[in-house]
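**Student:** Below are the structure tokens for one structure; questions will follow.
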Amino acid sequence: MTHVRRQLAAVTAALALTVTSGAMASPALADPRQTDKVPTVTGYGGAVSTVDPEASAAAIEVLRKGGNAADAAVAAAATLGVTEPYSAGIGGGGYFVYYDAKTKQVGTIDGRETAPAGITNDAFIDPATKKPYNFTPELVTSGVSVGVPGTAATWEQALKRWGTMDLGDALKPAIKVATRGFVVDSTFRKQTLDNKLRFNAFTSTQDLFLPGGDAPAVGSVFQNHDLAATYKLLAKEGADAFYRGALAEEIAKTVQAPPKTTDTTLPVPVGSMTAKDLANYKVENQDATKVQYRGYDVYGMAPSSSGGTTVGEALNILENYNLKDMQPVDALHHYIEASSLAYADRGAYVGDPNFVNVPTQTLLSDVFAKERACEIGPTAAKKPVAPGNIETYDGVCPSSAAPLADETDTENISTTNMTVADKWGNVVEYTLTIEQTGGSGIVVPGRGFLLNNELTDFSTEYKATDPNRIEAGKRPRSSMSPTIILKDGDPFLALGSPGGSTIITTVLQTILNRVDLGMTVSEALAAPRAAPRNGTTVTSEPAFIAKYGDALKSLGHQLVPAGDGLTSDPEIGAATAIEFNKDGSTTAAAEPVRRGGGSAMVVKATKGR
Ligand code: GLU
């Protein structure tokens, strides 16, 4: 991390030098590229936290010009599409949660990708072997994994429902950044190199992200004129230009016949998406999930994401215990057990509600949670624990423990999250993704953005009883958990994270850190993480294992270091948050270290003008 900071500082200094050596030193001439990152800042007049300083600066620019949190969030998201193209962009989807200060209501937009009408149950089965494709890099690098993107429609809908700007104005900062370019940092270079095999499978992706055969150098300036042109098209014609006409035709063609290089060894299964699938795409305006936890109202994302129900159920289970007065290890034992129980129910019951009957109310009921809490003993239950019985629950402990279940899960580190607040008190929590880091690996030729591989969030093998089985037109189950917490109707804390299925545990653990364990918001975010997801082992960051590993082991928990799964990353999540302080200030918090550190900014440092 120190290393990253030093490199960035060097770049900043070099840029400043270039400017001041050719002209009189003038702040007006300073290079506008943002490279400095501050993880925590308290101030007034609006605040933002993202993983990237260009995106945070875009939000602040919009807030300063009088835009509100929805406007600023779209501006920041579009900028992340430029600077974090491997995590998010118009080729993907996400979930947008909004607190409206005037009505004191929380509303949400489900902008999840959908499966095309032509997808079949056996889409992920290799016809040659009759077995599922190997997950990565084979299945994820494919047309068949691409869902109909929801992000452009989400932006337009968010602006229509809550914003004050049109899409054209909200896209301006991102168009600027794509045109003038941003400074490549070591995270961007590493993510590019990690994807070399996949990116080299497509001519369009090679051209954009591996110019001259290598990832862009740290400190170089990366411009994306194709994306600037695509954003200009959307700015002029609206999101319709994405879902109909030439661009939609090109997206469909790219999915059906990815621009494969001649020498790639990857199989690249093709997809079935048509222009009609794009024309039929619709975001869903959903009611937020809501649970009460220790006097706070916790709002989250309803299915098709499992975020709201799983975070909510775990909190409800934990409300049966006084974590505050426990030893930290005992509190963490309860966290691991509650999270595992909620995960069991997530696996058994949560999918796209347009296709399966999701018992959202039951999963969020205190009575159900009380009965689930019966499974928590003084030591670790044998995992995986079984899902609860949603038909016959009464809050009374059953006479025998639940049987074991069969549970598998994947994790990855892609996706990005942002938190934005404005001077009127409106708040946005928005998580957006293209699934894997680098999505499907396929850039739409000449358009400057990667297509997602979100459909790999469906279960790979089709089982008729699985709520997350592949079906045409369905949204794959997500873990994204944008969360807004109110106290007496006013915002207290908003937070979210990337991290695949570890998103849920990162959000849950951060809430517990803040609400129960006495940490400040920045401490809560920085604290080492564990991701209990009802497996036989608990994936944990090395620092968590060093601190709690022995004590938790004596309670029967087996911790394994993060980074031994699908990715080599030892970190879990890259969260962002804003806390609304009692004195009227706001504290924006980003990661101090994970993923190279995030960027928190406020409109004003002091209360005055
Ligand atoms: N596709 C994942 C989900 O929707 C997010 C991917 C990630 O965060 O890495 O849950």
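The values are calculated or read from the model by the stated rules, or taken from the named source; none is laboratory data. Model, not experiment: these values are computed from the prediction. Every residue, glycine as well, gets a Cβ built from its backbone with ideal geometry; the counts of neighbours run over all protein chains shown.
**Student:** Are any of the residues in the range 547-565 acidic (Asp, Glu), modelled with pLDDT under 95 and out of contact with any strand residue (DSSP E or B) (no Cβ under 9 Å at 6 or more places or on another chain)?
**Tutor:** So far as the range 547-565 goes, no, none of its residues is acidic (Asp, Glu), modelled with pLDDT under 95 and out of contact with any strand residue (DSSP E or B) (no Cβ under 9 Å at 6 or more places or on another chain).
**Student:** Take the residues in the range 498-527 that are away from the ligand (no atom under 16 Å from the Cβ) and small (Gly, Ala, Ser), then tell me which one is nearest to TYR321 (Cα to Cα).
**Tutor:** It comes out as GLY518.
**Student:** Are any residues in the range 95-115 in contact (Cβ under 8 Å) with a residue 40 or more places away in the chain, of a type outside the set (Lys, Arg), more than 16 Å from the ligand (Cβ to nearest atom) and assigned to a loop (DSSP other than H, G, I, E, B), and if so, which ones?
**Tutor:** Passing the criteria: only ALA101.
**Student:** Out of GLY111, GLY81, I need the residue that is modelled with pLDDT of 95 or more and over 26 Å from PRO592 (Cα atoms). Which one?
**Tutor:** GLY111
**Student:** Mind checking whether some residue in the range 306-320 is surrounded by 24 or more Cβ atoms within 10 Å (Cβ to Cβ), of a type in the set (S, T, N, Q), in contact with a Pro (Cβ under 9 Å, 6 or more places away or on another chain) and closer than 30 Å to ALA472 by Cβ?
**Tutor:** yes
**Student:** Are there any helices (runs of 4 or more DSSP H) wholly within the range 502-609 with 1 or more residues that are of a type in the set (Val, Ile, Thr), over 30 Å from ALA59 (Cβ atoms) and free of Cβ contacts under 8 Å to residues at least 12 places away in the same chain, and if so which?
**Tutor:** none
**Student:** Is there a residue being away from the ligand (no atom under 16 Å from the Cβ), outside any loop (DSSP other than H, G, I, E, B), under 30 Å from ARG33 (Cβ atoms) and under 17 Å from the mean Cα position of the chain (by Cα) anywhere in the range 177-186?
**Tutor:** No, the range 177-186 has no match at all.
**Student:** Could you tell me whether GLU375 is surrounded by 13 or more Cβ atoms within 10 Å (Cβ to Cβ), within 26 Å of THR536 (Cβ to Cβ), at pLDDT below 95 and in contact with a helix residue (DSSP H, G or I) (Cβ under 7 Å, 6 or more places away or on another chain)?
**Tutor:** Criteria not met by GLU375.
**Student:** Which count do you get for residues in the range 192-223 that are assigned to a helix (DSSP H, G or I) and under 23 Å from VAL255 (Cβ atoms)?
**Tutor:** Summing the residues that are assigned to a helix (DSSP H, G or I) and under 23 Å from VAL255 (Cβ atoms) in the range 192-223 gives 12.
**Student:** Is the range 320-335 home to any residue that is modelled with pLDDT of 95 or more and touching a strand residue (DSSP E or B) at 6+ places or on another chain (Cβ under 6 Å)?
**Tutor:** no
**Student:** Still on this structure, I have one more. Within the range 501-512, does at least one residue satisfy the condition of being touching a Gly at 6+ places or on another chain (Cβ under 8 Å), within 29 Å of THR120 (Cα to Cα) and hydroxyl-bearing (Ser, Thr, Tyr)?
**Tutor:** For the range 501-512, residues touching a Gly at 6+ places or on another chain (Cβ under 8 Å), within 29 Å of THR120 (Cα to Cα) and hydroxyl-bearing (Ser, Thr, Tyr): present.
**Student:** Filter the range 479-497 down to the residues that are out of contact with any Lys or Arg (no Cβ under 6 Å at 6 or more places or on another chain) and either within 16 Å of the ligand (Cβ to nearest atom) or not in a strand (DSSP E or B) (or both) and list them by number.
**Tutor:** Listed by number, the residues that qualify are SER479, MET480, SER481, PRO482, THR483, ASP488, LEU495, GLY496, SER497.
Results for (1) crowded, with 21+ Cβ neighbours inside 10 Å; (2) under 16 Å from GLU591 (Cα atoms), shown as yes or no for each residue.
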residue	(1), (2)
TYR462	no, no
PRO476	yes, no
MET480	yes, no
GLY496	yes, yes
THR506	yes, yes
THR510	yes, yes
GLY518	no, no
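**Student:** Which of the following residues is within 11 Å of the ligand (Cβ to nearest atom) and modelled with pLDDT under 95: THR416, THR408?
**Tutor:** THR416
**Student:** For GLU461, which of the numbered conditions (1) away from the ligand (no atom under 16 Å from the Cβ); (2) modelled with pLDDT of 95 or more; (3) touching a strand residue (DSSP E or B) at 6+ places or on another chain (Cβ under 7 Å); (4) among the charged types (D, E, K, R) fails to hold?
**Tutor:** (2)
**Student:** Within the range 301-325, which residues are over 21 Å from ASN389 (Cβ atoms) and among the charged types (D, E, K, R)?
**Tutor:** If the condition is that a residue be over 21 Å from ASN389 (Cβ atoms) and among the charged types (D, E, K, R), then LYS324, ASP325 are the ones that fit.
**Student:** Go through TYR321, TYR293, TYR299 for me and flag whichever is more than 16 Å from the ligand (Cβ to nearest atom) and under 19 Å from the mean Cα position of the chain (by Cα).
**Tutor:** On inspection, the qualifying residue turns out to be TYR299.
**Student:** Name the residue, out of GLY92, GLY147, GLY118, GLY143, that is in contact with a Gly (Cβ under 6 Å, 6 or more places away or on another chain), touching a residue at least 24 places away in the same chain (Cβ under 8 Å) and closer than 23 Å to GLY439 by Cβ.
**Tutor:** From the options GLY92, GLY147, GLY118, GLY143, the qualifying one is GLY143.
**Student:** Among the residues that make up the range 47-62, is at least one of them surrounded by fewer than 20 Cβ atoms within 10 Å (Cβ to Cβ), at pLDDT 95 or above, charged (D, E, K, R) and within 22 Å of THR179 (Cβ to Cβ)?
**Tutor:** yes
**Student:** Could you please give the count of residues in the range 421-440 that are more than 16 Å from the ligand (Cβ to nearest atom) and either in contact with a helix residue (DSSP H, G or I) (Cβ under 7 Å, 6 or more places away or on another chain) or more than 18 Å from VAL41 (Cβ to Cβ) (or both)?
**Tutor:** Counting residues in the range 421-440 that are more than 16 Å from the ligand (Cβ to nearest atom) and either in contact with a helix residue (DSSP H, G or I) (Cβ under 7 Å, 6 or more places away or on another chain) or more than 18 Å from VAL41 (Cβ to Cβ) (or both) gives 7.
**Student:** While we're looking at this one, here's another question. Please find, among SER340, SER304, the residue that is touching a strand residue (DSSP E or B) at 6+ places or on another chain (Cβ under 8 Å), within 16 Å of the ligand (Cβ to nearest atom) and in contact (Cβ under 8 Å) with a residue 24 or more places away in the chain.
**Tutor:** Just one listed residue meets the conditions, SER304.
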